[in-house]
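First the structure, in the form of C-alpha cells, and then the observations on it.
The values are calculated or read from the model by the stated rules, or taken from the named source; none is laboratory data. These numbers come from a predicted model, not from an experiment. Here the Cβ positions follow ideal geometry from the backbone for every residue, glycine too, while neighbour counts run over all protein chains shown.
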Ligand SMILES: NC(=O)c1ccc[n+]([C@@H]2O[C@H](COP(=O)([O-])OP(=O)(O)OC[C@H]3O[C@@H](n4cnc5c(N)ncnc54)[C@H](OP(=O)(O)O)[C@@H]3O)[C@@H](O)[C@H]2O)c1
C-alpha cells in the first residue's frame, strides 16, 4: 500500500460509490483527505466519521462553490475529480436542463477544478479524473450525452498534462467500465446487457477502481501522464 502520509488530498464527489472507495483507500494510506458532496449529507457524515476525512458540501455544478472548495484546501498533493452524473435516454425526449447539468458536473467542473488546483499544487502533484470507458465506446442507444462528457475528459487530460508537466504534475483519466454503485448497481436492469459486452462478465467493485487511483496518485505514477487508464473488464476491447 503506497504511503500517503502527510499528503494533502481532495476528492470531489466522495460521499458514495467510487469516490467513497478512493477516500477510504487514501485515508488508509495515511493521507489527509477532504471530500466534497452535493446532497448526500448522511452518507458524507458517516464516511467522515469512519475515515476521519473532512466532508465539505460543494455542488460541482456551482463554479464558485467548486472553486472555493478547491482553493480552500490550499496546496494539494492530489486532486481526484470523481463527481459525475449519468443521464441516459432518447435524445429526442431527454430533458435539456438535465443534459446541461450533466455537462456542468462532468465537463465544466473537472476543467475548472483542475486548473484551480494547479494554481497552488505542489510540484509532482497528481490530478486524476474519473472518466469512463464510454468515452471510447458507447455500445447501446441513449448514451450520447454521457459519452460526450467522458470523451471530453480525454482531451482535457492530454492538454493539461502538457500545461503542468514541467512541474512534474501528472494529469490522467481513469476510465472504469461497469462498477457496482448506486449509479450502476450490479443487479440493475442494464446489468446483463453490460456484462454481455465484457470479457470478464461482472461489475467491478469500487475498491478495484480505488486501487488504480492509489497507484496513479502514488510515487509509481510519476511518469504516467496525459493517459487514459481503462479498467473495464474488457468492455471496450
Ligand atoms: N458506476 C459505474 O459503472 C461508472 C462507470 C464509469 C464511470 N463512472 C464514473 O465514476 C464516477 C463516480 O460514479 P459512481 O458510480 O460512484 O456514482 P454514484 O454512486 O452516483 O456517486 C456519485 C458521487 O458523486 C457525487 N456528486 C454527484 N454530483 C455531484 C455534484 N454536483 N457535486 C458534488 N458531488 C457530486 C455524489 O455526491 P452526493 O452523494 O452528494 O450526491 C457521489 O458522492 C462518475 O464520474 C461516473 O461517471 C462510473
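Please work out which one of (1) surrounded by fewer than 21 Cβ atoms within 10 Å (Cβ to Cβ); (2) within 12 Å of the ligand (Cβ to nearest atom); (3) touching a residue at least 60 places away in the same chain (Cβ under 8 Å) is the condition residue 75 fails and give its number.
That leaves (2) as the condition not met.
Determine if the stretch 171-180 includes at least one residue that is loosely packed, with under 14 Cβ neighbours inside 10 Å and either more than 18 Å from residue 105 (Cα to Cα) or at pLDDT 95 or above (or both).
There is no residue in the stretch 171-180 that is loosely packed, with under 14 Cβ neighbours inside 10 Å and either more than 18 Å from residue 105 (Cα to Cα) or at pLDDT 95 or above (or both).
Can you confirm whether residue 171 is under 16 Å from the mean Cα position of the chain (by Cα), closer than 30 Å to residue 8 by Cα and assigned to a helix (DSSP H, G or I)?
When the stated conditions are applied, residue 171 does not pass them.
I'd like to check something: does the stretch 124-134 contain any residue that is more than 14 Å from the ligand (Cβ to nearest atom) and either modelled with pLDDT under 95 or assigned to a strand (DSSP E or B) (or both)?
Within the stretch 124-134, one or more residues are more than 14 Å from the ligand (Cβ to nearest atom) and either modelled with pLDDT under 95 or assigned to a strand (DSSP E or B) (or both).
Cβ-Cβ below 9 Å, separation at least six or inter-chain, first residue in the stretch 197-212 and touching a residue at least 12 places away in the same chain (Cβ under 8 Å) and within 12 Å of residue 174 (Cα to Cα), second part of a helix (DSSP H, G or I) and more than 12 Å from the ligand (Cβ to nearest atom): which pairs?
Close Cβ pairs satisfying both conditions: 210/24; 210/25; 210/26; 211/25.
Say whether the condition of being in contact (Cβ under 8 Å) with a residue 24 or more places away in the chain, under 14 Å from the mean Cα position of the chain (by Cα) and either within 15 Å of the ligand (Cβ to nearest atom) or outside any helix (DSSP H, G or I) (or both) is met by at least one residue in the stretch 60-68.
yes
Of all residues in the stretch 36-56, which are within 8 Å of the ligand (Cβ to nearest atom) and either closer than 16 Å to residue 80 by Cα or part of a helix (DSSP H, G or I) (or both)? Full working, then the answer.
In the first step, residues of the stretch 36-56 are kept if they are within 8 Å of the ligand (Cβ to nearest atom); the result is 36-41, 43-44.
36, 37, 38, 41, 43, 44, listed by residue number.
How many residues are part of a loop (DSSP other than H, G, I, E, B) and in contact with a strand residue (DSSP E or B) (Cβ under 8 Å, 6 or more places away or on another chain) if we restrict to the stretch 17-31?
Count: 1.
Could you check how many residues of the stretch 135-163 are touching a strand residue (DSSP E or B) at 6+ places or on another chain (Cβ under 8 Å) and part of a loop (DSSP other than H, G, I, E, B)?
Qualifying residue count, the stretch 135-163: 1.
Is it true that some residue in the stretch 84-95 is in contact with a strand residue (DSSP E or B) (Cβ under 9 Å, 6 or more places away or on another chain), closer than 18 Å to residue 128 by Cβ and modelled with pLDDT of 95 or more?
yes
Would you tally the residues in the stretch 85-118 being assigned to a helix (DSSP H, G or I), over 13 Å from the mean Cα position of the chain (by Cα) and touching a residue at least 24 places away in the same chain (Cβ under 8 Å)?
Matching residues across the stretch 85-118 total 11.
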